[in-house]
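Below is one structure, written out as structure tokens, with a few remarks after it.
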Number of protein chains: 2
Amino acid sequence: VTAEACTVDPAAVAARDRRAIARALSAVERGGAAAATLLAALPAGRRAYRIGVTGPPGAGKSTLTMQLIAALRGRGSVAVIAVDPSSPFSGGALLGDRVRMNDVADDPEVFIRSMASRGALGGLSAAVADGADVLDAAGFDWVIVETVGVGQSELEVVRVTDTTLVVVTPESGDEVQTAKAGLMEIADVFVLNKDDRPDGNAMWNALRRMVDARRRVVVDAWAPPIVRTVAAGGRGIDALVGAIGGHRAWLGEAGRLAERRRARGRERLSNLVAARFAAQLASGAWHARLESALDAIEDGRETLHAAAEALYANAVGRA
Amino acid sequence: VTAEACTVDPAAVAARDRRAIARALSAVERGGAAAATLLAALPAGRRAYRIGVTGPPGAGKSTLTMQLIAALRGRGSVAVIAVDPSSPFSGGALLGDRVRMNDVADDPEVFIRSMASRGALGGLSAAVADGADVLDAAGFDWVIVETVGVGQSELEVVRVTDTTLVVVTPESGDEVQTAKAGLMEIADVFVLNKDDRPDGNAMWNALRRMVDARRRVVVDAWAPPIVRTVAAGGRGIDALVGAIGGHRAWLGEAGRLAERRRARGRERLSNLVAARFAAQLASGAWHARLESALDAIEDGRETLHAAAEALYANAVGRA
């Protein structure tokens with residue numbers, strides 16, 4: 001527990017004090033008891049609408065995020081958590097130069113912060129979910145989470161959001177093919193960005209086929225719209241905001257949003273409890289037991305799975 | 001527990017009966033008690049040398065893997081686990097046509113199998129580690145694990161191997177930039193494949209700079225060699241086998257291989273115990289407690305982190 005973490009004032013976070021918010025997010029990033037204490041002291045937000053922006057490297061997610069910030073500012077305050085190490089928000093290079101980061105960064109109703117997992121229990125997705133809670137408690141109307149990749153862990157990070165945008169380009173064929181099932185699982189809106197390049201129609205058709213194939217199997221589900229954009233030129237951003245609004249309206253029906261947030265809470269709670277347990281295993285008495293089990297496995301006296309069963313039974317007091 | 005899982009004969013696996021091996025791998029993929037029982041009954045292998053092959057989609061990993069199979073066959077039997085959904089081993093399309101899959105698939109000393117995570121406790125990386133144990137118990141000399149992606153979960157899958165090859169192409173700039181730290185952490189050998197394309201030198205220089213930068217900071221560590229290949233034409237494969245041998249020899253010094261395998265065992269054991277705990281949370285009495293905690297969180301009577309602490313204390317019998 002560092003001094004910095006201890007001096008976060010929950011009331012200052014709730015009053016949207018930028019320095020207090022930054023400290024709170026640092027505490028969340030570090031994780032541990034200090035973060036848990038802080039998070040327990042924050043008022044419940046539950047007002048912010050959470051948008052995820054994910055996709056392969058080079059898809060233009062950061063430029064798109066900046067356009068979104070500008071477009072959403074007419075509807076409230078906006079905070080961004082960037083977990084993309086190549087994002088300009090995280091110190092990476094900004095490729096599209098038509099959108100100026102300073103235009104949004106100087107706005108007091110905009111808060112941008114990069115985040116990495118350091119000690120947070122449950123890893124990066126837990127830290128991002130906690131970070132979004134901090135921004136929600138600070139009263140932001142919109143929280144955007146930008147993350148890079150098409151791998152499973154990236155998908156997990158973005159799962160903490162209400163509406164997830166999957167951003168691809170006309171060149172993303174390999175990535176889309178590889179991650180097909182995963183993308184369909186998480187995409188609420190597909191964004192075909194850099195649509196001024198060749199092969200935009202081919203990619204659009206590929207996405208269309210994926211969405212249609214799913215629609216034939218899963219009845220009454222949300223069919224992700226495909227929005228074509230050129231984020232660097234601001235093209236298609238209004239349509240994208242409209243698509244987000246459409247998904248939000250759909251979620252609002254029949255208690256779907258409450259259900260989605262409940263499922264998210266269930267997952268976070270189970271993961272937090274399991275992570276506490278895992279941390280316990282690495283410490284003190286458990287560490288010694290783990291090592292002697294490893295000796296037994298190496299000597300061939302015990303198998304990995306039998307040792308795991310014995311340790312588990314012991315840990316929960318059933319042995 | 002299905003009938004199929006129950007009928008796996010550990011002795012038949014050890015005798016390298018192909019059908020028994022296939023059934024054992026299916027059981028491992030499904031996970032659960034049947035898999036644990038089977039794994040506990042298998043003889044400890046500990047002879048197979050495990051090679052990971054990972055990299056972004058389209059890097060040519062499957063073609064490279066097939067070339068590796070052919071090259072390693074002179075030094076023993078070879079088994080492959082493909083966790084890459086775009087791999088021809090998993091039913092995907094084979095792009096390079098100069099290597100014929102049938103050339104290797106008909107060889108009784110070669111075993112190729114795709115794998116996905118279904119119910120395995122601890123997810124895909126646990127299933128792959130268990131699968132490699134099965135192949136080790138079956139007496140294969142080489143076990144290759146092919147996985148796609150540059151995300152964290154892909155890196156975790158490949159972490160079960162002794163030597164990890166990270167395969168990139170001259171066009172992989174974005175991916176390499178994004179995943180730099182993660183790649184340096186897992187790469188024992190870099191493979192610059194499709195090196196007959198333009199920009200091979202630029203990519204080679206980028207990799208070289210990464211390796212050199214790390215070497216200046218981390219003293220006495222292994223410096224990953226960079227092998228340039230054209231897998232579809234068989235170019236550079238001998239050099240690659242040499243690089244793998246070099247890393248293996250380095251691991252053999254000063255007890256490094258034993259240490260690496262111990263660390264791997266420690267991680268698997270902790271994860272198995274934690275996963276058992278997490279599974280327990282989803283069931284019976286725990287499920288009801290989880291739901292009432294979620295009610296309390298939704299009503300604002302409790303915070304997520306306080307609820308997690310209380311559930312944990314209760315679960316390990318300390319409340």
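The values are calculated or read from the model by the stated rules, or taken from the named source; none is laboratory data. This one's a predicted model, so the numbers in the text were calculated from it and none came from an experiment. Here the Cβ positions follow ideal geometry from the backbone for every residue, glycine too, while neighbour counts run over all protein chains shown. Only protein heavy atoms, including side chains, enter the accessible area calculation; ligands, DNA and RNA are left aside. Shrake-Rupley method; radii C 1.70, N 1.55, O 1.52, S 1.80 Å.
The table below lists the values:
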read-out: Calculated label separations, B:Asp17, copies of the chain, 7 Å along the beta-carbon direction, nm; value: 7.2
read-out: Area accessible to solvent at B:His287, 1.4 Å probe radius, in Å²; value: 80
read-out: Where the range B:199-319 is the region considered: accessible area per residue in Å², 1.4 Å probe; value: 50
read-out: Theoretical FRET efficiency, 1/(1+(r/R0)^6), r = Cβ-Cβ of B:Asp196 and B:Glu259, R0 41 Å, to 0.05; value: 0.60
read-out: 22 Å Cα-Cα threshold exceeded, pairs from A:Lys61/B:Lys61; A:Lys61/B:Lys194; A:Lys180/B:Lys61; A:Lys194/B:Lys180; value: A:Lys61/B:Lys61; A:Lys61/B:Lys194; A:Lys194/B:Lys180
read-out: Other-copy label distances relative to B:Asp220, 7 angstrom Cα-Cβ extension, nm; value: 6.4
read-out: Full-extension gain in nm, A:Asp141 to A:Arg208, via 0.36 nm per residue minus C-alpha separation; value: 21.0 nm
read-out: Label zone at A:Ala221, where the point sits 7 Å out along the Cα-to-Cβ direction: the range A:25-68 residues whose backbone N lies under 20 Å; value: A:52-55
read-out: Cα gyration tensor, the range A:179-262 - rounded (a/c under 1.5), prolate or oblate; value: oblate
read-out: Rounded Å value of the spacing that divides the Cα centres of the range A:45-70 and the range A:278-313; value: 43
read-out: Label point 7 Å beyond Cα along the C-beta direction, distances from B:Gly252 to other copies (nm, shortest first); value: 6.9
